[in-house]
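In what follows, a structure is listed as C-alpha cells, so that the remarks can point back to it.
Nothing in this text is a laboratory measurement; each read-out follows from the coordinates by a stated rule. Note that the structure is predicted; figures quoted are calculated from it, not measured. Counting neighbours? That spans all protein chains shown, and the Cβs are built from the backbone with ideal geometry, glycine included.
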2 protein chains.
Amino acid sequence: MNIALAQLNYHIGNFDLNTEKIIQSIQTAKDQKADLIVFAELAIGGYPAKDLLKNRAFIQLCEQHIEQIKAHCKGITCIIGAPIQNKDGEGKGLFNAALVLQDAQVIYAHKKGLLPDYDVFDEYRYFEPGRNFHCVTVNDTKIALTVCEDLWDDDDTNSYVGDFMDELRQENPDLIINIAASPFSYVHFNNRVEVLRRNVIKANCPLIYVNQVGAHTDIIFDGRSLVMNKKGEIVCRLKAFQEDFSTIQIHNLETYQAETVGSEESEISLIHQALILGLKDYFSKSGFKKAVLGLSGGLDSALVAALACEALGSENVLAVLMPSKFSSGHSLKDALDLVTNTGCSHHIVPIQDVADSFEHALSEVFSGMAPGIAEENIQARTRGTLLMAISNKFGHILLNTSNKSESAVGYGTLYGDMAGALCVIGDVYKTQAYELANYINREKEIIPLNTITKAPSAELRPDQKDSDSLPDYGLLDSILYQFIEKEKSAAEIIHLGFDEETVLKISKLLNNAEFKRFQAPPILRVSPKAFGAGRLMPLVAKYPF
Amino acid sequence: MNIALAQLNYHIGNFDLNTEKIIQSIQTAKDQKADLIVFAELAIGGYPAKDLLKNRAFIQLCEQHIEQIKAHCKGITCIIGAPIQNKDGEGKGLFNAALVLQDAQVIYAHKKGLLPDYDVFDEYRYFEPGRNFHCVTVNDTKIALTVCEDLWDDDDTNSYVGDFMDELRQENPDLIINIAASPFSYVHFNNRVEVLRRNVIKANCPLIYVNQVGAHTDIIFDGRSLVMNKKGEIVCRLKAFQEDFSTIQIHNLETYQAETVGSEESEISLIHQALILGLKDYFSKSGFKKAVLGLSGGLDSALVAALACEALGSENVLAVLMPSKFSSGHSLKDALDLVTNTGCSHHIVPIQDVADSFEHALSEVFSGMAPGIAEENIQARTRGTLLMAISNKFGHILLNTSNKSESAVGYGTLYGDMAGALCVIGDVYKTQAYELANYINREKEIIPLNTITKAPSAELRPDQKDSDSLPDYGLLDSILYQFIEKEKSAAEIIHLGFDEETVLKISKLLNNAEFKRFQAPPILRVSPKAFGAGRLMPLVAKYPF
C-alpha cells in the first residue's frame, strides 16, 4: 500500500484556501498512485480555532467542506482531521475526529480520546473525549488511527479517561497512524519521537505521523511529519517549518534507509526558523505586508529588524530611530549600521521635544517632585506613540521587540516599548538573543558587532546599564528558567543552590509584572513555556513563594 | 442539628488572611452552638488561583493551612473547599475537594466530579475529576456533599463523566450540601436557584449552598448563599456582595418563612453592587488606595468616576481633564460638574501642545498626507501617556473607562483610551451605561444631566458624533448581544430579523477588533459573556460568518 503524507499550512477559518490545498494534495497523491493520503489534525478549519468552534456557522462550514473533499475520495482513501458533532445529543456535542473518507463516504470516525488541557491547550473547553476504540481496516491493513495526544496515553497524566491504546493494541494493528497539531518548542521534537517510538515498540508495527505546519499568531507548528518502521527508526521525515509531501510504501519499509542519529539541527537554528515562519504567517494570514519597528541600536530591536527583513523582505521593513538626550553616541551609529547591513528603510524622529512638551504639560501637577520612573516612561511612551502613529498612517504592523528576560522581570514600559501587534522574541531569553544574533551573523555581519558586544542599556537616564538593577543575564536567565519552564517555587530554586536573596528578588519582580504581561502583545512561542495563553496567573493574588 | 453558613471573601494566595477568617468563623459557629460549619469551594487558597495550582509551594501551603484549621475542629464539624493531591500517582495529581474535618481529622473528602471548562472556567487544566461517590454522615445526618458544578449534572452537558448525582441519590441523603465558587452575572441567580431546586425535588431533601463572595480582578463572586427546604423554597439567604454568616436548624426548616417571590433586586442594582465590589477588592487585594482616570465630560468616564468615588471614597479619586482643540464648550463644564458633585480631586492638563509636538516631530514622515485616524489616535495616546505618567508618579491605579459596545466594535485607541489597569465598565453595554447612570442619580444628581442627555462623541475631530460611524446604540447593543452573549453567527442574527447590511458591518467590526481586545485591561465581569478569559478568539483567522 502506498501512503501519502500531506503536511500543509492551514489558515484558521479560511475554508476555501484549506480545502483547495487539500483537494490539490489528493490529486497529487492519486497521480503518485497512493492508496491512502493522510492530513493533519483539524485540517479543515485550522487549529487552534478557539471559540470559533462554538460558532454554529463554523461547524457547518467544516461539514460542508468535508462533503466537498469526500467527493474527491474515489479510488483513494483519505484520513483527515475535523470537528464533528455528537448527534447523540449528550455531552459537549463536539468531537475532535480523524475521519476516514473512502468511495465518497465517511467510512469511519476516530474520536480523540485524550484531550490536552495544559499549557496552551484547552481542548476540554470545546470537545468531549471519544470512547470505545477500534482499529479501522483500509486495503487489508488494520490501522490504529489516533489523534495527536492519544499516543501520550502511556504517561498516565490523563489516566482517568481510560487506557484506550491498550484497547487498540488488543486488535493487533498492522500500522499506527497519528494525525497531529503539535506545536513547536525547541525541546519538543525529541520527546515527541520518544513517545512515538514507545508506541511503535509496544504495538510492534510501523507508524505514520502527520503534523500541521504553520503559525497562528503565537502558536507555531513545525511539521516534521515522519514514518517510523517497527524497530522505532525514522525512515522518512518531512521538512521542518515548510509545507511538504511524501509518498511511501508502507509494506516495504525495510528497504528504506533509517535516519542517522545526531543529524538534528541546533536549537538556535530551529528557533530561528520558527520565528521566521511566525513572522511570515502573521503577516500573510492577517493580510498585511509591511512592518515598522523602533530601532534603538541595542540587541533586541536589531535582532527583530534582522528577522523581519529575512521573513518579509527588507523592502517591507521600516526602522524608526528615535534618539533622546540620553541616547549614547554609538546608538544612532549602531542602528544606522543595521539599516545599511539589512537594506531596510528608516526614519529618524528625535523624541526630545515631545518628551519635553509632556513634562511641560505636567509641570504643575509634578511641581516640586524629582524626576524618576514617570519621566523615563514618558520617553518610552513617546516612542510607542510615534511608532503607532506611523503604523496607523501607513498601515504597517508594529513589531514589538521585548525579550523574555525583560518581560519576566517587568523591565519594560506598558504602552511604550511593550507596544506592538506581535512580540517577535518575547519567548527568547536575553542570553538566547545573543546566540541568535551570532547565528544570524554566521555568514556575514548583519547585526553590528558593537550592538552585540556593548553593555545592554535602556538609555532612559544618563549612563544607565541593565546591570545596575538586574543580575547578570546568565544568572537571571538560569533562575527565570527554573521559575517559568520548570514551574519551580522559590524554595525549590534556592534548594538547587542559587543565592536566596537573588531568587527572592527575581520572584518578586516576576510576580509584580503579571499585570504588565496581561496587556502584552501575543508572543511567538518557541519554548515549552512561553508567557501568554500557556501560563495563566492571577493578577491580584498574594504570592508568598 | 445546627448548621452555620460562612460566606467569606478570600484573597488568592493570602493563606494567613484566609485562615484567620476561617478560624474566626469556626469560633463564632461554636459560640452559636453550631454542630457543622460550611465554607465555600477552594476557600483555603482562593479561587481562581490559576497556574498557582501547579506550584508545589502553593499546594503545600494549602495542606499546611488545612492542618491548622483541622486543629480547631473539635466539638464541631467543618466542611471546606481545598485542592488535595491524588496520592495514587495517576492522573493530574490534584482534586478540587470538599473536606470534612471532625475531631481534628479529615474524615472524608468529596472530589468534584464535574469540572467546568467553558466561559471563564478551565478546571480540567488543573484537576482530575473525582469518581465513586458516596454520602457522608455527620451527626446521624446523611449528607450528599457536592462541589459547585456537581449539581449541574442533570443538564447532560458533561455526561461523559457519569451520572454521579444518581449514585448519591441512591443512598437516600437527608441533606444536600453544595460548596461553590459561582461567579456573578446579572442573569445567573435565577438559573442557579432553578438547578438547586431541581436537585432538591429529585432527592426530596433540603439543601445548603455556600458560595464565595468577593472579586478577583475580573471575576466577581456574589455570595447569596442559601438554604432550601425540601419543597424547593428558599428559607434563608445570605447577603449579596458582602461577607455574611448565618446559623440554621436543619431539622426545623418547616418553621422558617419561605422567601416571597418577586423580591429580587433589579439587574441594574445588582450590576452596580458588583462593580463597586469589583473596584473595592481590586484595590484592597492589590494593596493600592488611590485611583486616577481621565474625565472627558462624556458618559463613560463620568460613570467610572462616580463608581470609583463610591467604592474608594472620593478623597481617593483623582480625575484628570485633558481638553483639546476639538473639545466642545460643554465638555469641560460637564466634567467639572461631576467633580463638584462627587467631591473628587482633579487636574486640568490641556493636550494641544503635546499633540502638536507629536505632529511636528512626524511632519517630515507624514509630509503631504492629510490628517486622519493617525492624528486622532495621537490625541488619545497623548491622554493615555499623561494619565500613566500621573499614575507612575503618584502610585495611583489608572482606571479604564471603555464600555462593552465600543470595545466590541473597536471604537477605542490601543494605548490611548484603552489604557488602564482595570476596565470598570467593559462588560456594560452603552445602553446599560445610561441605565446605570440614571440608577446612580436615583436620589440626587451625581452624574450631570447634560452628560446623560447629550449625543455621545469621542471629540477627536470637529463635530464628531458616535452616530456618524455607528448605528444607534439601541440597535448596536441588540445585535452585539446576539453575537457575544448568545454566540450566534451573522446568518442566525439576520434570520432573527435584523438588517443584513448592519449585521455584517458589525460582524466585521467585532472580528477586526480582536487584536485590540487582546491587549485590553482586565474587565469586571457582570454578564454571562464578557470579553477576556471567557471569550477566546484567534487573531489571524479569517472570519467568514
Considering every residue in A:389-399, what mean count of other chain Cβ atoms within 10 Å of its Cβ is obtained?
4
Need one word for segment A:270-466: rounded, prolate or oblate. Basis is the Cα gyration tensor (sqrt eigenvalues a ≥ b ≥ c); a/c below 1.5 gives rounded, then a/b vs b/c decides.
prolate
For peptide B:355-365, how many partner chain Cβ atoms fall within 10 Å of a residue's Cβ, on average?
6
Taking neighbour Cβ counts within 10 Å as the exposure measure, how do B:Ser328, B:Ser182, B:Ser507, B:Ser266 sort from fewest upward?
B:Ser266, B:Ser328, B:Ser507, B:Ser182
For A:Gly497, place a label point 7 Å from Cα along the Cα-to-Cβ direction in every copy; what are the distances to the other copies, in nm, shortest first?
7.5
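If you add up the charges near A:Thr413, with Lys and Arg at +1 and Asp and Glu at -1, over every other residue whose beta carbon is less than 15 angstrom from its beta carbon, what do you get? If you can, show how the numbers build up before the last one.
Numbers: positive: A:Arg381, A:Arg383, A:Arg461, A:Lys516, A:Arg517, B:Arg381, B:Lys393; negative: A:Asp300, A:Glu375, A:Glu376, A:Glu406, A:Asp417, A:Glu459, A:Asp466.
Neighbour charge sum, excluding A:Thr413 itself: 0.
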Evaluated at 4 °C with a viscosity of 1.567 mPa s, what Stokes-Einstein diffusion coefficient in µm²/s does segment B:439-483 have when Rh comes from the Kirkwood expression over alpha-carbon pairs?
102 µm²/s
Order of B:Arg383, A:Arg442 - criterion: other Cβ atoms within 10 Å of each residue's Cβ, fewest first:
A:Arg442, B:Arg383
Through the Karplus equation 6.51 cos²θ - 1.76 cosθ + 1.60, θ set to phi - 60°, convert the phi angles of segment B:464-478 into ³J(HN,Hα) values in whole Hz; use x for Gly and Pro.
5, 10, 3, 6, 5, 10, 10, x, 2, 4, x, 5, 4, 5, 4
Roughly how tilted is helix A:352-361, in degrees to the nearest 10 and between 0 and 90, from the longest Cα axis of chain A?
80 degrees
Defining a contact as two alpha carbons under 8 Å apart and six or more residues distant in sequence, what relative contact order in percent does chain B show?
12 percent
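What relative contact order, as a whole-number percentage, does segment A:2-263 give when Cα pairs under 8 Å and 6 or more residues apart are counted?
RCO, segment A:2-263: 19 percent.
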Scan around B:His346 for amide H atoms under 5 Å from its own, H built in the peptide plane at 1.01 Å from N, and keep only partners 5 or more places away or cross-chain.
B:Ala319
List every residue whose amide H lies under 5 Å from the amide H of B:Ser296, counting only residues 5 or more places away in sequence or on a different chain, with H placed 1.01 Å from N in the peptide plane.
B:Ser301, B:Ala302
Any idea what the A:Ile373 label distances to the other copies are, label 7 Å down the Cα→Cβ vector, nm, shortest first?
3.4
Exposure-ranked with fewest Cβ neighbours within 10 Å first, B:Glu435, B:Glu149, B:Glu315 stand as B:Glu315, B:Glu435, B:Glu149
Between A:Glu259 and the same site in the other copies, what are the distances in nm, shortest first, taking label points 7 Å from Cα along the C-beta direction?
6.2
Could you state the angle between the C-alpha long axis of helix B:299-312 and the longest principal axis of the C-alpha atoms of chain B, as a value from 0 to 90 degrees rounded to the nearest 10?
40 degrees
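For the ranges A:246-256, B:208-218, A:488-498, A:220-230, what's the packing order if you count other beta-carbon atoms within 10 Å of each residue, average per peptide, and put the highest first?
Put in order of decreasing packing, that is B:208-218, A:220-230, A:488-498, A:246-256.
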Between beta-carbons, use under 11 Å as the cut-off and find the net charge around A:His65, counting Lys and Arg +1, Asp and Glu -1.
-3
Restricting to the protein assembly as shown, compute how many DSSP beta bridges are antiparallel as a %, nearest 5.
55 percent
Report the extension gain between B:Asp353 and B:Gln32 in nm, rounded to one decimal, defined as 0.36 nm multiplied by the number of residues separating them, less their alpha carbon distance.
108.9 nm
Expressed as a fraction of 2.2 N^0.38 Å, the rule-of-thumb size for a compact globular protein of N residues, what is the C-alpha radius of gyration of the protein assembly as shown?
0.95
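Please say if segment A:2-263 is rounded, prolate or oblate, where rounded means a/c under 1.5 for a ≥ b ≥ c the square roots of the C-alpha gyration tensor eigenvalues, and otherwise the choice is prolate for a/b larger than b/c and oblate otherwise?
Values: a/c = 1.29, a/b = 1.15, b/c = 1.12.
Note, shape of segment A:2-263 comes out rounded.
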Per-residue mean of other chain beta-carbon atoms within 10 angstrom of the beta-carbon, peptide A:411-418?
4
On C-alpha positions alone, give me the angle between the axis of helix B:329-342 and the longest principal axis of chain B, in degrees, nearest 10.
30 degrees
Starting from 0 in steps of 10 Å, tell me what percent of the Cα-Cα pairs of segment A:254-326 lands in each bin.
17, 36, 23, 14, 7, 2, 1
Take the cross-link list B:Lys289/B:Lys393; A:Lys50/A:Lys290; B:Lys74/B:Lys112; A:Lys404/A:Lys529 and give me the ones stretching past 19 Å between alpha-carbons.
A:Lys50/A:Lys290; B:Lys74/B:Lys112
Let me have the relative contact order for segment A:270-466, percent, based on Cα pairs under 8 Å that are six or more residues apart.
25 percent
Give, rounded to the nearest 20 debye, the magnitude of the charge dipole that segment A:184-338 has about its Cα centre when Lys and Arg contribute +1 at Cβ and Asp and Glu contribute -1 at Cβ.
380 debye
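Summing +1 for each Lys or Arg and -1 for each Asp or Glu, what net charge is found among the other residues whose Cβ lies under 13 Å from the Cβ of A:Asn400?
Net of charged neighbours comes to -1.
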For segment A:379-495, the fraction of alpha-carbon pairs in successive 10 Å shells from zero, as %
12, 35, 36, 15, 2, 0
Once amide H atoms are built 1.01 Å from N in the peptide plane, which residues 5 or more positions from B:Thr137, or in another chain, come under 5 Å H to H?
B:Ile143
